[in-house]
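The structure under discussion appears below in the form of structure tokens.
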Amino acid sequence: MSEQPATLLSPRILIPFALVTLIWGSTWIVIKGQLGIVPPSWSVTYRFSVAAIAMFAFAAIRRERLLLEPRAMAFAVLLGIAQFTFNFNFVYRAEQHITSGLVAVLFALLIVPNTLLGRLFLKSPLEKRFLAGAGIAIAGVGLMILHEYRAAALGAGEVLLGTALTLAGVMSASTANVMQGTAIARAQSMVVMIAWAMLFGVLADGSYAWITTGPPVIEPTPVYLGGILYLGIVASAVTFPLYFNVIRAVGPGQAAWSSVLIPIIAMGFSTAFEGYRWAPLSIAGGAVALVGLVIAVAKRPERPSVSGNMVSVPVEPES
């Protein structure tokens, strides 16, 4: 009997997916502590310098071959610039213009380009149930965006600029997500590929930071340095291999559901540590988004197949 395709509800996918979503839901409040004395580009550079060192060390401990073939190395350059340079520089700068909550909620729209680009370039299947659930979730995200916009009370110019920067980050992240589903990415060691991508991203980050803001600047405080270590090791070196493995298993569309859940988790952390108060719109938006998730990933019951007088009930193989 052929093995059923993996979904987000498969235990081997659900556990890393949940871990990544929980960790990334906590990063928004940590990133907020990175903005201030140190220019955003240098904070991004420090974060992924730590992450790249951790990834190469992990690959060495696993005794993996650290060099990539020339074609794969070129692929790592493009992946690193899309994911670890463009994406995060856009996001960090967006938080200088709009609230971290609004950035997190806007990033939930990642499911749209991930689904469309996955279909276009990876031929990922699109089921009506998934599209319906995604549509419902986007409506829920819209309610959360409306609440965050009203609560921010920012000027129109700041909102437009922050939104544009966030959406640019969304497209950069989506490009990298779809790249991870390609044949050349699947043929490489996940750890080694990400290590090189992070290194190339760091080189681009540092070059951009130096050109635009001058020599490196550091804030020698426990909050800032602890944030760099957390973002570099836990929220990057640990989570990106897990997340990219989810993409390889279920496709970028399903993996992007993490971006829908992350704002809800981020608001939970903000409730606990910043006194965030849930409003009717944010509650309704979160509930609608969760309903959309359930509809999109719930497994359709299989109909028993009838052969003559015998009824054969398909049995799902053990994972």
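The values are calculated or read from the model by the stated rules, or taken from the named source; none is laboratory data. From a predicted model like this one, the values you see are computed outputs, not experimental measurements. When we count neighbours, we look across all protein chains shown, and the Cβ atoms used for this are built from the backbone with ideal geometry, even at glycine. Protein only, heavy atoms only, side chains kept; ligands, DNA and RNA dropped before computing areas. Shrake-Rupley method; radii C 1.70, N 1.55, O 1.52, S 1.80 Å.
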Query raised in the report: Any idea which residue in region 114-129 is farthest from A279 (Cα to Cα), counting only those that are part of a helix (DSSP H, G or I) and in contact with a Gly (Cβ under 7 Å, 6 or more places away or on another chain)?
Result: L122
Report summary line: When restricted to L78, L68, L102, the only residue in contact (Cβ under 8 Å) with a residue 24 or more places away in the chain and surrounded by fewer than 17 Cβ atoms within 10 Å (Cβ to Cβ) is L78
Query - Single condition V170 does not satisfy, out of (1) under 18 Å from V91 (Cα atoms); (2) surrounded by fewer than 23 Cβ atoms within 10 Å (Cβ to Cβ); (3) under 18 Å from the mean Cα position of the chain (by Cα); (4) not polar (S, T, N, Q) - result: (2)
Report task. Working only within region 217-254, note down all residues that are at pLDDT 90 or above and within 20 Å of G285 (Cα to Cα). Result -> none
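Condition check ((1) in a helix (DSSP H, G or I); (2) in contact with a strand residue (DSSP E or B) (Cβ under 6 Å, 6 or more places away or on another chain); (3) farther than 26 Å from G268 by Cβ) across all residues:
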site	(1), (2), (3)
I53	yes, no, yes
A82	yes, no, yes
F88	yes, no, no
V91	yes, no, no
I98	no, no, no
L102	yes, no, no
L109	yes, no, no
**Report entry** Inter-residue pairs, beta-carbon under 8 Å, first closer than 15 Å to G101 by Cα and open to solvent by 40 Å² or more (accessible area, probe 1.4 Å) and in region 132-150, second of a type in the set (S, T, N, Q) and assigned to a helix (DSSP H, G or I), 6+ apart
**Finding:** L143/S282
Query raised in the report: Taking region 197-212 on its own, how many of its residues are touching a Ser or Thr at 6+ places or on another chain (Cβ under 6 Å) and either surrounded by fewer than 16 Cβ atoms within 10 Å (Cβ to Cβ) or not aromatic (F, W, Y) (or both)?
Result: 6
Query raised in the report: How about region 173-196: which of its residues are within 25 Å of R62 (Cα to Cα), part of a helix (DSSP H, G or I), open to solvent by 40 Å² or more (accessible area, probe 1.4 Å) and in contact (Cβ under 8 Å) with a residue 60 or more places away in the chain?
Result: R186, W196
Query raised in the report: Any idea which of (1) out of contact with any Asp or Glu (no Cβ under 9 Å at 6 or more places or on another chain); (2) modelled with pLDDT of 90 or more; (3) open to solvent by less than 50 Å² (accessible area, probe 1.4 Å) is the one T85 doesn't satisfy?
Result: (1)
Query raised in the report: Just one of the numbered conditions (1) buried (at least 16 other Cβ atoms within 10 Å of the Cβ); (2) free of Cβ contacts under 8 Å to residues at least 60 places away in the same chain is not true of I283; which one?
Result: (1)
